[in-house]
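Structure first, commentary second.
The values are calculated or read from the model by the stated rules, or taken from the named source; none is laboratory data. Predicted model, so just to flag it, every value in this text is computed and none were measured. All Cβ positions, even for glycine, are placed from backbone atoms using ideal geometry, and neighbour counts span all protein chains on display.
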């Protein structure tokens with residue numbers, strides 16, 4: 001009934017089958033110090049590429065009822081450096097540059113002339129915690145229109161009063177829930193939360209939502225991605 | 001399922017033993033790639049967990065456990081995320097290839113727990129845990145084994161789904177919603193990891209108990225003199 005072979009032949013067959021697994025040794029490349037870094041960089045790059053593909057411009061982040069809000073006192077501050085970089089509110093302006101028709105300095109009052117939107121959205125930190133906050137401000141897309149930004153450019157970058165810096169892909173910058181935020185819980189931003197102006201981006205992880213903005217630039221080229229990204233964190237990190 | 005059986009003749013003694021081709025190449029490759037990626041996913045996942053070892057509020061933060069860094073991969077949060085976000089694709093691809101292969105080759109019958117396996121579960125439990133008599137062995141996997149493997153595959157699917165809910169709670173908001181939102185999805189993801197680790201522990205104990213011949217079959221595909229063939 002069955003094929004009948006001698007033991008040596010069986011050993012040969014077994015060995016051949018075992019050898020078929022040898023390509024798996026390639027996974028060991030992840031253990032080689034010289035290869036590990038570029039491999040993980042490529043892996044993270046692939047993840048970011050996939051994240052970009054998964055992003056849907058018309059898909060809204062979930063919004064919540066006021067009763068779901070995390071109390072303001074329990075909304076973490078999480079500055080990377082100092083909680084208060086000492087912004088002089090009287091002299092503060094947002095300096096706009098790059099691929100825009102109307103570059104220059106914009107005061108908070110000028111920004112606030114744009115339609116105001118408020119939203120209860122989830123703020124997710126890369127560390128794993130999350131809170132639901134109330135944010136108010138103007139749509140970044142409205143502001144970009146006001147300054148005559150070239151929205152075919154790839155990035156919007158921001159610079160902060162505390163040396164923090166960030167960059168956003170244009171698709172996210174134009175998302176309706178992406179706000180230039182000047183209010184939290186109906187009150188003007190406190191210094192710790194990024195007064196006078198911060199980013200609120202419910203489709204991004206927390207570190208993308210820079211505080212104490214001072215400069216905004218529309219550009220196709222970025223030398224630096226962001227404070228955390230340049231240390232090895234995901235560049236896109238869309239939620 | 002067409003199992004390949006051969007008879008092996010010892011040239012000196014003329015003694016004949018049989019061998020069965022139990023594990024096709026795709027299954028073996030997936031098994032070992034999965035073993036590696038699971039190891040990396042768990043290790044890096046625990047390092048990610050170390051950044052916020054809690055499932056409660058951030059303020060006030062009550063840590064669940066101070067997981068030792070020595071039993072984690074990546075060294076720091078950013079490093080662990082690099083490992084996790086790289087190997088999740090390997091983990092996912094392996095799972096898809098495995099499940100796809102099992103379905104299209106029909107080989108799933110070997111491992112999938114079916115209703116007809118139900119009556120055989122209790123005798124097996126009695127044998128393993130309560131010194132009961134050993135039920136007759138009729139196929140490669142006994143009913144309890146099938147139950148364990150089928151559950152493990154199910155847990156693998158859940159680990160991916162909860163993982164996507166944690167990674168993309170906005171783009172896959174429906175997925176996160178089904179799990180009670182991002183916050184709970186993170187907890188499910190963590191608990192499923194422990195369930196998988198419980199399976200792995202039991203699996204390794206059984207591998208040790210069943211010996212070398214059984215272990216080698218996951219390398220060569222061939223199992224010599226399996227119990228279910230013997231006279």
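Checking each residue in region B:29-44 for being facing another protein chain (nearest Cβ under 9 Å) and in contact with a helix residue (DSSP H, G or I) (Cβ under 6 Å, 6 or more places away or on another chain) picks out B:32, B:33, B:36, B:37, B:40.
Matching residues to (1) in contact with a helix residue (DSSP H, G or I) (Cβ under 9 Å, 6 or more places away or on another chain); (2) crowded, with 20+ Cβ neighbours inside 10 Å; (3) at pLDDT 95 or above; (4) within 14 Å of another protein chain (Cβ to nearest Cβ):
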site	(1), (2), (3), (4)
A:148	no, no, yes, no
A:168	yes, yes, yes, no
A:171	yes, no, yes, yes
A:178	yes, yes, yes, yes
A:192	no, no, no, yes
A:201	yes, yes, yes, yes
A:204	yes, yes, yes, yes
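Is it the case that residue A:109 is out of contact with any helix residue (DSSP H, G or I) (no Cβ under 9 Å at 6 or more places or on another chain), crowded, with 16+ Cβ neighbours inside 10 Å, more than 14 Å from chain B (Cβ to nearest Cβ) and more than 23 Å from residue A:79 (Cβ to Cβ)? Let's see the steps before the verdict.
On the way: out of contact with any helix residue (DSSP H, G or I) (no Cβ under 9 Å at 6 or more places or on another chain): yes; crowded, with 16+ Cβ neighbours inside 10 Å: no; more than 14 Å from chain B (Cβ to nearest Cβ): yes; more than 23 Å from residue A:79 (Cβ to Cβ): yes.
Criteria not met by residue A:109.
In summary, residue B:170 fulfils each of the numbered conditions (1) within 13 Å of another protein chain (Cβ to nearest Cβ); (2) part of a helix (DSSP H, G or I); (3) surrounded by 19 or more Cβ atoms within 10 Å (Cβ to Cβ) with the single exception of condition (2). Between B:178, B:193, the distinction of being touching a helix residue (DSSP H, G or I) at 6+ places or on another chain (Cβ under 7 Å) and within 14 Å of chain A (Cβ to nearest Cβ) belongs to B:193 only.
Counting the residues of region A:42-57 that are surrounded by 14 or more Cβ atoms within 10 Å (Cβ to Cβ), facing another protein chain (nearest Cβ under 7 Å), in contact with a helix residue (DSSP H, G or I) (Cβ under 9 Å, 6 or more places away or on another chain) and assigned to a helix (DSSP H, G or I) gives 3.
Of the strands (runs of 3 or more DSSP E) that lie entirely inside region A:71-144, those containing 1 or more residues that are closer than 30 Å to residue B:84 by Cα span A:116-124, A:130-139. Each residue in region B:45-83 was checked for being within 18 Å of residue B:191 (Cα to Cα), in a helix (DSSP H, G or I) and more than 10 Å from chain A (Cβ to nearest Cβ), and 4 pass. Tell me whether region A:210-226 contains one or more residues that are closer than 22 Å to residue A:92 by Cα, at pLDDT 95 or above and within 14 Å of another protein chain (Cβ to nearest Cβ). Looking through region A:210-226, none of the residues is closer than 22 Å to residue A:92 by Cα, at pLDDT 95 or above and within 14 Å of another protein chain (Cβ to nearest Cβ).
Just one residue in the set B:22, B:15 is exposed (fewer than 13 other Cβ atoms within 10 Å of the Cβ) and either under 24 Å from residue A:232 (Cβ atoms) or more than 9 Å from chain A (Cβ to nearest Cβ) (or both); that residue is B:15.
Is it the case that some residue within region A:76-94 is free of Cβ contacts under 8 Å to residues at least 12 places away in the same chain and within 14 Å of another protein chain (Cβ to nearest Cβ)?
Restricting attention to region A:76-94, the residues satisfying the condition of being free of Cβ contacts under 8 Å to residues at least 12 places away in the same chain are A:88, A:90-91.
Next, only the ones that are within 14 Å of another protein chain (Cβ to nearest Cβ) stay: none.
No, region A:76-94 contains no residue that is free of Cβ contacts under 8 Å to residues at least 12 places away in the same chain and within 14 Å of another protein chain (Cβ to nearest Cβ).
Going through (1) in contact with a strand residue (DSSP E or B) (Cβ under 9 Å, 6 or more places away or on another chain); (2) at pLDDT below 95 one by one, residue A:163 falls short only on (1).
Residue A:218 passes every criterion in (1) over 14 Å from the mean Cα position of the chain (by Cα); (2) touching a residue at least 40 places away in the same chain (Cβ under 8 Å); (3) surrounded by 22 or more Cβ atoms within 10 Å (Cβ to Cβ); (4) not in a strand (DSSP E or B) apart from (4).
Residue A:233 satisfies every condition listed in (1) within 11 Å of residue A:168 (Cβ to Cβ); (2) within 11 Å of chain B (Cβ to nearest Cβ) except (1).
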